[in-house]
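K.L.:
I have a structure I would like to understand better, so I am pasting it below and will then ask my questions one at a time.
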């Protein structure tokens, strides 16, 4: 037994000795090989610094795309910055001390030992931080913050209505509230202010406002609500999409969601949209506006409704003075005339604002003539509005400064909602409404200036749904459409309009503009017998132009826009349109039968956006006056005939994003763009970086706007808007050697 104990003790002593030996050896290595530990520290530190720089580059890109940085990414960056700053400083201090001799006779063993241990510990920390850096993405898009109106006009007569609406929406027993009143009375302005107040007070988790309009688009309404809530719905089925939105809204159990549905004309099926509106569900409240109280109560089931009436005389006059910007006290005759003018605006804020803005800073004789016009009885105004309101808005339109501004406004009214400003530009230039400009860029600036003046005159509005579009108030639209029909012989139909027969032959012969945006038509005539026609817009998913003679009697056309049409071939009579300046065949099924377009020698703007063309023929090169070519999002477009681009010597803007063009492979080359001395705007996608000539990026310096994506995985990016006018993105699988070295240094 004693022998066993002695053996065990010997083993323990042996293991202890080994442990002591290894520990001593480790400490000796700290002293002897301290430079090795420092070298490992420096290598790991550099790797961490490189990783931190790479993450910072991703952060910069994310912030430029208006993304917020994820909390774990920001936390990692903060820890890394702190560790790098502190540990490097400490190691540097220890290294200085370790390199000094102990009293001038031998190395400073204690400092070397401490330096090695510190370097080893910090290197391990660096390793851990590098391993933690496994971020799939560094940023995210936060919920979109609505742009809230801060210029709400407070009228004493509406203050009680406003407060009652606010209190009703706070009441747990009230689920749906409605506001009604005639057009132009200020319903939209009021609910915008409700939106702003609740958004600031955070009494609801979310506040969403959507315009419904006379022809509601259920899918668009649903998508707008989902987007405002940060909900991404991937499914295509309308039933499933509604179910996803319903599930998301039901999640809001506490403060819930306030949904504002503006401009309800008839019953809207909330369940079809995806709004869970049942008495047992308290998470979702709804605020409606309508012209008709019966729609709110009988068709929508509003719990409470509030009328919004005309302004009282005193506050109408005060509002009129504010909008006109004039002080009338100095001229009593002008003041008395202005008071009478204000009264003729029938207490409607819209009419008051438009008339006051139209007459501001005008002479007394102008005010007197305006009053005479407003007092004149009108028998031809549309039945939807009163004679007083019609006269007031007509006066505002007629007082627009310059005939060109008036014609641009009437064109805006004809197109109305959901029209892109860029499309308006293409139509306006084609019609010759923007004079005194030499380039498209100058035309765009002039048009934006006109639109700014129209908004200042309260005749044009910003779109509620899209920053790239504009809107026109219902009242203004009614008057402008009536005026255009009388003065310019305009024929216009919108979605949900049903037309059994075309107007009679005499009416068509007088017609100057035709705008048909997705109406219900039985058929199209064999010939468009409109010798005075300058503008023809036809958007339809069902119709096609079957007659080759369709344009035979419309040879004065300047603008032709056909959208979502199907063609076996374009009508041969299109070659007779020798005055045509703008041709838009967006979203059309054209096949490859577009060679006839090359005969339209006066063409300045050609848009084939999102059409199904696969080939851009050599005949397009004959359009020597062309200033704008848009083939963006033509996903099937692979080939452009050699010499086409270089032949378009006057081209200023070229849009080719989202195409499948194989540059240089039996197609045009990017070098062809060098011949375009007037080119100022370019959007292009280049799958292979080697297709770019060595001086391609030098040429970019001459452009004022460009969006260039290099790589094969960028297609989805073309659906996004960019804040900057110059965007260059690279995604190279084979490395930066694909680009010329001198080029890389300039990017």
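We did not get these values from a lab; they are worked out from the coordinates using the rules stated. A quick note: this is a predicted structure, and the numbers were derived from the prediction, not measured. Cβ: placed from backbone, ideal geometry, glycine included. Neighbour counts: every protein chain shown.
K.L.:
Report the equivalent ellipsoid semi-axes for segment 208-350 in whole Å, largest first, defined as the square roots of five times the eigenvalues of the gyration tensor built from alpha carbon atoms.
P.N.:
Numbers: eigenvalues 369, 51, 38 Å².
In descending order, the three semi-axes are 43, 16, 14 Å.
K.L.:
Going by average Cβ density within 10 Å per residue, which order do the peptides 565-574, 607-616 take, highest to lowest?
P.N.:
Details: 565-574: 17.5, 607-616: 20.3.
So the order, starting with the most tightly packed, is 607-616, 565-574.
K.L.:
I want to verify the translational diffusion coefficient of segment 510-558 in µm²/s; compute it with Stokes-Einstein, Rh as the Kirkwood radius over Cα pairs, at 25 °C and 0.890 mPa s. Intermediate results must be reported in sequence, preceding the final value.
P.N.:
Values: Rh = 11.3 Å.
Once the numbers are plugged in, D ends up at 217 µm²/s.
K.L.:
So if I take the centroid of the Cα atoms in segment 403-479 and the same for segment 219-261, what is the distance between those two points in Å?
P.N.:
Using only Cα atoms, the two centres lie 33 Å from each other.
K.L.:
For segment 313-471, what is the per residue volume of the convex hull drawn over the alpha-carbon atoms, in cubic angstrom?
P.N.:
On the way: hull volume 20.5 nm³, N = 159.
In segment 313-471, the Cα hull volume divided by residue count equals 129 Å³.
K.L.:
Once the Cα gyration tensor of segment 152-261 is found, what semi-axes does its equivalent ellipsoid get, as square roots of 5 times the eigenvalues, in whole Å, sorted largest first?
P.N.:
Details: eigenvalues 149, 61, 25 Å².
Those come to 27, 17, 11 Å.
K.L.:
Please arrange 200, 293 by how many other C-beta atoms lie within 10 Å of their C-beta, fewest to most. Mind dumping the intermediate values first?
P.N.:
On the way: 200 10, 293 16.
Least crowded to most crowded, the residues run 200, 293.
K.L.:
For segment 538-598, what mean projected area does the convex hull of the alpha carbons give, in nm²? Walk me through the numbers on the way to the answer.
P.N.:
Details: hull surface 15.1 nm².
Result: 3.8 nm².
K.L.:
Over every pair of different alpha-carbon atoms in segment 395-548, take the mean of 1/r and invert it; report that Kirkwood radius in Å.
P.N.:
Details: mean 1/r = 0.0606 Å⁻¹.
The answer is 16.5 Å.
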